[in-house]
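Notes to accompany the following structure.
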Amino acid sequence: MLDGVVFTGAGVSWAADMAAARPAQKLMEQAFSFGLPVFGSCYGMQLGVAVLGGRMQANPAGVELAVARQITLTDAGRDHRLYRAKPAIFDALCMHRDDVKDCGPDIQILAGNAHCPIQAVAALSKDISFWGVQYHPELYFSDIAGYLKRSDVAEFSGPPAASYGVSVEQMQADFFALDRQEASDRLKARYDIGADLLKRELHECELANWLAQL
């Protein structure tokens, strides 16, 4: 007996609303048809939106990698159980090229930022329980470090590190140090890392809130 289903990110090269994603879409549709609560992160959020009639795009601003800055809750987001005990403005670990272009009529937007206007969503229908976030509350700094040199997506290599004035190798080492709680104040300042990223109970708040309502 399942209490809920989680759809995570994916390393595939096709968007969640394309024909190649149809097998994954069918799994999402099945979860909805069984009345199961569904949580989606990154590609998982896009997949749920696609199934509910939305459309994807390659973000015209480019890849959002490492830290999604200044994610801001909408009025709907501030009132939603997904964000109980979460600050109204926060940073989150992230890595994505595509995002949601159009939610369709059955989705409400819960959060967004300057790079990606749709950072979190929820289904409006009382018959479907779907919460999704574009960022990755489930990942650690070390997970992000592993994606800083992906050879299959050119945009994933170089620019994030360059924006901080360090090499990719240095940024990888620093992000591993952040996971090991060895981060000095200087290192935190280099990447503008605050409690919303360092305290796992804050960064994972959305997951805890979803699990609490199962």
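The values are calculated or read from the model by the stated rules, or taken from the named source; none is laboratory data. None of the values given here were measured: they were computed from a predicted structure. Cβ sites come from the backbone with ideal geometry, for glycine too, and all protein chains shown count toward neighbours. With ligands, DNA and RNA removed, areas are computed over all heavy atoms of the protein, side chains included. Shrake-Rupley method; radii C 1.70, N 1.55, O 1.52, S 1.80 Å.
In this simple spin-label approximation, Gln70 and Met18 carry label points 7 Å from Cα along the Cα→Cβ vector, and these lie 3.2 nm apart. When you work out D = kT/(6 pi eta Rh) for the chain at 20 °C and 1.002 mPa s, using the Kirkwood radius from C-alpha pairs as Rh and the Stokes-Einstein form, the result is 122 µm²/s.
Relative contact order for the stretch 1-65: 42 percent, from Cα pairs under 8 Å spaced at least 6 residues apart, divided by residue count. Scanning residues 5 or more positions from Phe130 or on other chains, those with amide H under 5 Å from its amide H are Val38, Ala123, with H placed 1.01 Å from N in the peptide plane. Here the stretch 190-211 and the stretch 102-144 have alpha carbon centers that stand 16 Å from each other. Within the assembled protein chains, the solvent-accessible surface assigned to Tyr147 is about 80 Å², based on a 1.4 Å probe. Phi angles of the stretch 63-78 translate, via the Karplus equation with coefficients 6.51, -1.76, 1.60 and θ = phi - 60°, into HN-Hα couplings of 5, 10, 9, 5, 10, 8, 8, 6, 5, 10, 6, 7, 4, 5, x, 5 Hz per residue; Gly and Pro are given as x. By the helix-only formula, in which each DSSP H run with n ≥ 4 contributes -39500 (n - 2.57) and the sum is divided by residues, the chain has a 222 nm mean residue ellipticity of -8000 deg cm²/dmol.
Taking label positions 7 Å along the Cα-Cβ direction at both Ser33 and Gln57, the computed distance is 3.2 nm, reported to one decimal. Volume of the convex hull of the stretch 66-156 (Cα atoms only), normalised per residue: 112 Å³. Scalar couplings 3J(HN,Hα) for the stretch 30-36, obtained by applying the Karplus form with A = 6.51, B = -1.76, C = 1.60 to θ = phi - 60°, are 5, 4, 5, 5, 7, x, 7 Hz; x denotes Gly and Pro. Residues Phe176, Phe90 ordered from highest to lowest accessible area at a 1.4 Å probe: Phe176, Phe90. Counting every pair of alpha carbons in the stretch 1-115, the share spaced more than 23 Å apart comes to 30 percent. A 1.4 Å probe run over the protein chains yields, for the chain, 47 Å² of accessible area per residue, whole-number rounding.
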